[in-house]
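S.K.: Here it is, the structure, as structure tokens.
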Amino acid sequence: MLRLSKLTDYAVVVLVRLSGMEGVQTSPGLATATSIPEPTVAKVLKALAASDLVSSQRGARGGYRLNRDLSAIPIADVIAAIDGPIALTACVEGTGLGCESQGLCPMRGRWDPVNDAIHKALSAITLADMQVTLPPAFHIPEQHLPDQPPHNQPPPNQPPEAALSAAAE
């Protein structure tokens, strides 16, 4: 089974969340916004910065920001930033990994087309494709001032029956 690491999943969550925030963001702020532990967010941001997906700014007003729009960040780049090169087996070309029986293996090089197809597919999907738009039922209702009841409720001094008859009109 092919499975991404939790850190890669967290990296996608952090990057998508970072895109919805203005200015630079701190790792504690992103940890709060994503419910991911702060040490994990810091580790993910450090790896993303090393791969130039985010940039960091030091100082009292420091933090992180995206270097590119979500539509310009393929999932393959995020996976490579966190987990290293995409490789199904140790002997896939270009990974720098070796295999004990590489010289004798009849499958040597046979995994390359499969690996290339997976890499191509993951490169075609961007973080913008991963964004979630919540349906209206999941939106947080707006806050109403105490002297202004919500549009479906009667004013505080009006009996509920009067509100029902007013709504029917």
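The values are calculated or read from the model by the stated rules, or taken from the named source; none is laboratory data. Predicted model only: the values in this text are computed from it and were never measured. Glycine also receives a Cβ, built like all others from the backbone with ideal geometry; neighbour counts cover every protein chain displayed.
S.K.: Give the range 9-33 a look and list any residue that's hydroxyl-bearing (Ser, Thr, Tyr) and over 22 Å from residue 76 (Cβ atoms), or say none.
M.R.: 26, 27, 32
S.K.: Out of the helices (runs of 4 or more DSSP H) lying entirely within the range 1-107, which hold 3 or more residues that are at pLDDT 90 or above, within 20 Å of residue 126 (Cβ to Cβ) and among the β-branched types (Val, Ile, Thr)?
M.R.: 6-19, 75-83
S.K.: Then there's this: State which residue pairs qualify: first residue on the phi < 0 side of the Ramachandran plot and inside the range 23-37, second residue surrounded by fewer than 17 Cβ atoms within 10 Å (Cβ to Cβ) and of a type in the set (Asp, Glu) in any location, beta carbons under 7 Å apart, and separation of 6 or more residues or different chains.
M.R.: Listed by first residue and then by second, the contacts come to 27/38; 28/38; 31/38.
S.K.: Now, a different point. Within the range 1-35, track down each residue that is of a type in the set (Ser, Thr, Tyr) and over 15 Å from the mean Cα position of the chain (by Cα).
M.R.: Across the range 1-35, the qualifying residue is only 26.
S.K.: I would also like to ask the following. Does residue 120 count as of a type in the set (D, E, K, R), at pLDDT 90 or above, surrounded by fewer than 16 Cβ atoms within 10 Å (Cβ to Cβ) and part of a helix (DSSP H, G or I)?
M.R.: yes
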